[in-house]
Each structure stands twice: as C-alpha cells, then as structure tokens.
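K.L.:
Got a structure for you, questions after.
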C-alpha cells in the first residue's frame, strides 16, 4: 500500500498550489468560472433563452437571468428525466440526486452532469484527503479502508435511461473500481435500500476490516456505531477499529453529536473534519483543525452569489458577489453550476468568518428558523444554546426540533423544544434556563422579545423517549441516507406530528 501515500503526496503538492491560487485571487477565479459555465451552456435551450453568447460581464448575467427556485426549474428537470438533451447543460443527464433535506413529502431531483460529478463532487472528495494529509503528515489512513455510510438508488420511473438516489449512493456507484480497494463495505451492501438491513450487513462485514476513517452524516453514523458496539460487546469503537483516526462528517451540524462521539470513540488519536457537500454541489472543507469554519472552494465549477437573509423577501432582493460580502451577515446562497443550475437558491444559509481567504460557517436553512414573534432564531443559535446547556448540565442530546407556541387569548407566546436525550440533565429547569440565556446572548432579537416576558415566555422543553425521531423518519420512509430532522420550524407541523409518535398529550 506504499504507492498510495506516495501518490497522495504528489497530488498534494500540485493541488495545494491550485487552492492557494484561488485564495489569492478569488474574484478572478470566480469570474473565470462563470465565463466557462456560460460558454459551455451557450448552445443549450437555457443558454439560447438568455442569450449566453452575448453576456460580457457578471452584472449583465445577473440582470438577464432571474433567480431560480426548484419549482422554477422543475419543468426542465421533468423533461431531462424523460431523456431530453441539451436543456440546462450540454448533453443528457443520466443521474439525479434525490434531495431529502427535510421531511417534506416532496422530493427534489437535482441533475448530476458528468462535469458536476467529476469536477465538483469527486474533486471535493480528493481535496478532503489531500487537506487532511497536509495537516496530518504522519497519517496512516491509507494503510486501511474508509467506511462510508451512504444511501441507495433506484431506477427513475419516468425513463429507463436515467436513475436517481441519494447523492452518496450516486458517488459510490460511479467511483472507479480501484477505489473499492480503499473503501468498505462492498457496493452491494453500501447501496442496499433497506437501511436497517444495511446496518446489519454492514456491521457483520466491517468489524474485522482495518477501518482507519469513517464518512457520513453524524446522526446516521451514530446509529451504526451503537449497533457495532452492541454486536461486539465493546464500549469503545477503537477496541473494534484500533487504527481509526478521523471522521469526515457533514450534512448536519456536528455540535449536538460531539459528546456522543467523544464518549463512544474514546482516544486522543481521533480527529474530526467537517465538509459541506450537498446534492447541488460541493462547497466547503474544514482546512484548519484548530478552527471550526470551512474554506469556500472556488474552483469546482460553481459561481457564487449571496443574498442577505433579512432582505430575502425584498422585491427584488439585493444580491452580492463574493467580493461584496461582509463578515457576520447571514446570507442565503445562490449558485450557478456545471450541473445546469442557474442562479439557483439552494435554501442554505452561511455566515462568513473570514474574507481573506473566504471562510464560513453554516448557519441554517432559509425555511428552517423560528420567527413567529420577530425573534429570528436560526439553527446556529439553537445549536450554540444546546451546546451550552449540555456542557453545564452534563446532558447529551441525540436529536431535537423546535417551533413556536402561539399566543392564546390568555397566554403569551413561547418556543417549544422536543428533545431526545442520550443522557438527560439532572435538572431540566436549569437546562432550560441556560438554553434561554444563551439564546439571549447570541440573538439580540430574541433577547428583546424575552425582556421581562413581554412578548415571549420561557421556552418549554419536553424530553421524548429514545428512538422517537427515528420512528418518525421511518414512518415517512426516510431512514438513513442524507435524510435529516428539521431542527427549527416557523409552524407547529413537526411538533404536532411528533406528539403522535411519542404519544404526548398536552392539555
């Protein structure tokens, strides 16, 4: 296996030079990226519609092409799924990533061109290893295998020529055969559609493999780890895989799960590295182990724009290019990609922590927040509040969701949190107080609404039985893969739904 580290070292030097280039001249790289995208798509139906051949500048592109949602692109996606070609991107589209970012009954099918697979997603995967090896020159991960907990794919019902599935499954299906030497489990198990059977087969097939790194969504990897420990009778995953050294995680915030992993992987050798890889594109990598923010990757065939979230509903909303963004502002992301997404609003929000180079933290979703009373609580606020409450009280949270309690004829409004604890706090009231105080400290709007209980009362926290959230997801046929529990909602839809699962009765 000595050839692998040597190959990585060679690739490392070349690729790091390219990354350093886009750090130095980010605007130039972004303008070049847009120009390449427009040139390649000139002869497509979309390119002809907006006369891409005559676009001479970023501002002209912005004024000519309107902002797009998935609903706007849906007619094109449906035609692509039926086998039509040269619509949004040159050629045909064989693969579609089924996006299940929420528990909504509707699914999005994101077109995956050859270029988006190779120049964006796979390049991102390689960069993860290169950056990790740069930070850990004594790494031994290439002496063993990487365990990837992915999703599954099915044949597209509209056309025998196209397929759909979770992004992770598409990436597993299309990787070169030599990658199988570095990955576990085998494709047949990795792509099983039944998540519970997948966990069973994956456990039995990997416990004797030399696993040095694991990748996946923290919530679902945690389910697998617990099953492996239960099956082997061990309490520390390093007793099963003694050479395990890193978890490459993404998809959801790691903050609520950090203590779980420290408890179940008990050793100083373990490292954690965050990535931001969505169905629509690969966007960021944590390039500094000492900092939790991520480097915005600027040469993956993606042109970025940003809308301040507090102006999102303006008509029209102000749109910033990369050179116009500021630190500390909550932005909604807009992308144009080598998969044929044009000025596409992906629904995620970020906050820049550095502008030289461009680094950021994920702050949430444009539709996942609580603002029933003008408090504008976002997921980043919620995660920080939970982290603080857990650290002080010793609690460990497995899953949670929160939403508003509406003002009644004789009652004021508040927030209700349904939390599944791995370890409950000794004093739930104290836990609630710390969560509330932390929200006040990180969100001035929330603090104002909570002042003397004038608009908002103290949050209501209800502990639900273990397994409640997985039962909820299973009932919606959303176990495993990239499915996520929606953390915040501006309605009570999820809370009322979970009441039924947890058999909660509130008078």
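K.L.:
Counting alpha carbon pairs within less than 8 Å and at least 6 residues apart, what relative contact order, in whole percent, applies to the stretch 379-502?
P.N.:
Numbers: 191 pairs, mean separation 39.2, N = 124.
About 32 percent, as a whole number.
K.L.:
Ranking 117, 386 by Cβ neighbours within 10 Å, fewest first, what do you get? The partial results should precede the final answer.
P.N.:
On the way: 117 21, 386 25.
Ascending number of Cβ neighbours within 10 Å: 117, 386.
K.L.:
For the stretch 48-181, just run the numbers: alpha carbon Rg, then divide by 2.2 N^0.38 Å, N being how many residues it has. Present the calculation step by step, with values, prior to reporting the outcome.
P.N.:
Values: Rg = 18.3 Å, N = 134, 2.2 N^0.38 = 14.1 Å.
The stretch 48-181 yields a ratio of 1.30.
K.L.:
What distance in nm separates the simple spin-label points at residue 367 and residue 500, each placed 7 Å from Cα in the Cβ direction?
P.N.:
2.0
K.L.:
Given the rule -39500 (n - 2.57) for each run of at least 4 DSSP H residues, summed and divided by the residues of the chain, what is its mean residue ellipticity at 222 nm, to the nearest 500 deg cm²/dmol? Let's see the in-between values first.
P.N.:
Values: 16 runs with 175 residues, N = 507.
Using -39500 (n - 2.57) per qualifying helix, the result is -10500 deg cm²/dmol.
K.L.:
Using the Kirkwood radius over Cα pairs, work out the Stokes-Einstein diffusion coefficient for the stretch 116-278 at 25 °C and 0.890 mPa s, in µm²/s as a whole number. Mind showing how you got there, number by number?
P.N.:
Working: Rh = 16.5 Å.
D = 149 µm²/s.
K.L.:
Give the peptides 396-403, 174-181, 230-237, 260-267 in descending order of average Cβ contacts within 10 Å, highest first. Walk me through the numbers before you get to the answer.
P.N.:
On the way: 396-403: 22.9, 174-181: 11.2, 230-237: 13.4, 260-267: 16.2.
The densest-packed peptide leads the list: 396-403, 260-267, 230-237, 174-181.
K.L.:
Nearest 5 percent is fine: what portion of the DSSP beta bridges confined to the chain is antiparallel? List each step's numbers first, then the result.
P.N.:
Values: 47 of 72 bridges.
Antiparallel bridges: around 65 percent, rounded to the nearest 5.
K.L.:
Next question. Work out the P(r) tail for the stretch 379-502: percent of alpha carbon pairs separated by more than 22 Å, whole number.
P.N.:
Numbers: 2696 of 7626 pairs.
Cα-Cα pairs of the stretch 379-502 separated by over 22 Å account for 35 percent.
K.L.:
Ok, one more. Compute the separation of the alpha-carbon centres of the stretch 35-58 and the stretch 120-196 and state it in Å as a whole number.
P.N.:
Here the two parts' Cα centres lie 33 Å apart.
K.L.:
Per Stokes-Einstein, at 37 °C and 0.692 mPa s, what whole-number D in µm² s⁻¹ belongs to the stretch 162-210, with the Kirkwood radius over Cα pairs as the hydrodynamic radius? Display every interim value, and only then the final one.
P.N.:
On the way: Rh = 11.6 Å.
Taking Rh from Cα pairs, D becomes 282 µm²/s.
K.L.:
Further question: Just order 436-447, 197-208 by mean Cβ neighbour count inside 10 Å, highest at the front, would you? Walk me through the numbers before you get to the answer.
P.N.:
Values: 436-447: 18.1, 197-208: 16.5.
So the order, starting with the most tightly packed, is 436-447, 197-208.
K.L.:
Based on the mean of other Cβ atoms within 10 Å per residue, sort peptides 186-196, 296-306 so the most packed one is first.
P.N.:
On the way: 186-196: 16.3, 296-306: 23.3.
My ranking of the peptides, most packed first, is 296-306, 186-196.
K.L.:
How far is it, in nm, from the label point at residue 262 to the one at residue 460 when both lie 7 Å from their Cα along the line to the Cβ?
P.N.:
The two pseudo-label positions are separated by 3.3 nm.
K.L.:
Give or take rounding to whole Å, what are the principal axis extents of the alpha carbon atoms in the chain, in descending order?
P.N.:
In descending order, the Cα extents are 62, 58, 46 Å.
We did not get these values from a lab; they are worked out from the coordinates using the rules stated. Keep in mind the model is a prediction, meaning the values are calculated, not measured. Glycine also receives a Cβ, built like all others from the backbone with ideal geometry; neighbour counts cover every protein chain displayed.
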